[in-house]
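None of the figures in this text is laboratory data; all of them are computed from the coordinates on show. Source: prediction; values computed, not measured. Cβ placement follows ideal geometry from the backbone for every residue including glycine, while neighbour counts extend to all protein chains displayed.
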Amino acid sequence: MKKLICILLCLVFLSGCGYASSTSESFESMDTFMKIDIYGSEDVAAKIRAEIERLDGLLSAQDDESEIGRLNKNSTAELSEETSDLLAKSLELCNDTDGALDISVYPLVEAWGFIDKNYRVPDDDEIKDLLKYADYRKITLDGNSASAGSGVRLDLGAVAKGYAADRAVGIMKENNVRAGILNLGGTVAAVGEKPDGSKWRVGICDPENTASYFGAVSVSDRIVATSGNYERYFERDGKRYCHIIDPKTGYPADNGTVSVTVISDSGLLSDALSTALFVMGIDGAKKYWRDHRDFEFILLDDKNNLWLTEGIEADFKLNADYDYNIKTIKA
């Protein structure tokens with residue numbers, strides 16, 4: 001919810017924007033609050049809301065009746081073609097990031113209390129035991145038939161909002177919608193441009209004050225996703241534990257990364273990589289970007305360094321109140 005509040009404050013919307021009509025929808029889905037603002041159409045916002053709620057019914061790990069819930073409960077499930085396709089793409093991203101993204105860390109996230117909010121620090125033996133089940137390679141697909149190893153449970157939370165953003169953008173295009181801003185729990189789709197031809201501006205949270213932002217990125221027809229250690233966390237004995245679990249250690253990622261923002265043409269990619277790059281840390285993130293180059297990213301570390309890939313540098317503006325050390329990452 002902290003990320004949501006920040007994004008809502010940081011999106012620069014138009015009032016009296018000159019389009020023939022505009023509609024908004026605000027609702028809760030996928031375990032977060034969402035806000036959709038559509039310009040040039042009166043009914044597309046409602047269509048997008050219905051689609052997101054339908055997807056939540058398919059993909060929620062907390063719902064035993066969802067397709068993912070049934071897979072978690074029974075270790076096997078016959079999936080719809082849509083869910084099967086998303087699962088296949090998610091597994092590809094897990095493999096491509098060498099497990100920095102791992103959709104099977106659900107038991108570890110649960111053990112740390114990030115599901116039911118009964119936060120705790122598991123002991124080393126418990127984490128070691130749970131790590132045996134955190135392995136995306138134990139999830140297999142044969143057509144639409146999915147299976148998971150004993151004790152393996154999935155959570156598509158790192159990709160579901162991004163996939164929903166892609167579907168929402170698709171609905172807008174199908175209905176010839178001219179422009180809109182969709183905030184799906186912090187995964188932001190910026191469609192089209194403002195009437196004056198300028199890009200939409202999406203702010204990035206100040207980790208120390210989530211009611212403010214340290215800068216903004218100007219985008220058009222791009223999807224922006226941010227993951228940070230300030231979103232969901234708890235503290236014990238002066239140490240902060242964030243909800244982003246490193247699949248290799250079973251502990252919350254702790255590599256000096258504070259937040260990662262990914263900008264790309266794909267919601268699925270932006271959402272997934274904001275988590276994966278956070279786990280990788282700056283060195284891994286730089287290497288992954290240089291190897292792929294189909295996205296841009298902005299990474300803030302705990303030394304006040306702000307790392308920007310060269311393709312997004314011209315579209316980023318740091319607020320005057322911040323003195324981060326901007327470092328450009330070149331190919």
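Please work out, to two decimal places, the log10 of the ratio I(q)/I(0) at q = 0.15 Å⁻¹ from a Debye calculation in which every Cα of the range 13-127 carries one identical scatterer. At q = 0.15 Å⁻¹ the computed log10 ratios are -0.89.
Could you let me know the centre-to-centre spacing of the range 269-331 and the range 58-101, using Cα atoms, in angstrom? The two parts, judged by their Cα centres, are 28 Å apart. Note: relative contact order over the chain, using C-alpha pairs below 8 Å and six or more positions apart, is 18 percent. In the structure shown, the pairs Lys35/Lys73; Lys287/Lys330; Lys89/Lys330; Lys73/Lys132; Lys173/Lys199 are assessed against 22 Å; a Cα-Cα span above that value is assigned to Lys35/Lys73; Lys89/Lys330. Evaluating 6.51 cos²θ - 1.76 cosθ + 1.60 at θ = phi - 60° for every residue in the range 280-291, the Karplus couplings come out as 5, x, 5, 5, x, 5, 4, 5, 5, 4, 5, 7 Hz, glycine and proline recorded as x. Working note: 222 nm ellipticity from helices only, DSSP H runs with n ≥ 4, each -39,500 (n - 2.57), summed and divided by the residues of the chain, gives -10000 deg cm²/dmol to the nearest 500. Can you check what the net charge comes to around Thr328, using other residues whose Cβ is under 12 Å from the Cβ of Thr328 (Lys, Arg +1; Asp, Glu -1)? Within the 12 Å Cβ shell, the charges total 0.
Each peptide in 92-100, 219-227 gets a packing score, the mean of other Cβ atoms within 10 Å over its residues, and the list from highest to lowest is 219-227, 92-100. Rounded to whole Å, the principal axis extents of the Cα atoms in the chain read 58, 44, 37, largest first.
Quick check: Cα centre of the range 141-167 to Cα centre of the range 173-199, how many Å? When both Cα centres are located, 27 Å separates them. Anisotropy class assigned to the range 84-216 is oblate, per the alpha carbon gyration tensor with a/c at or over the 1.5 cut-off and a/b no larger than b/c.
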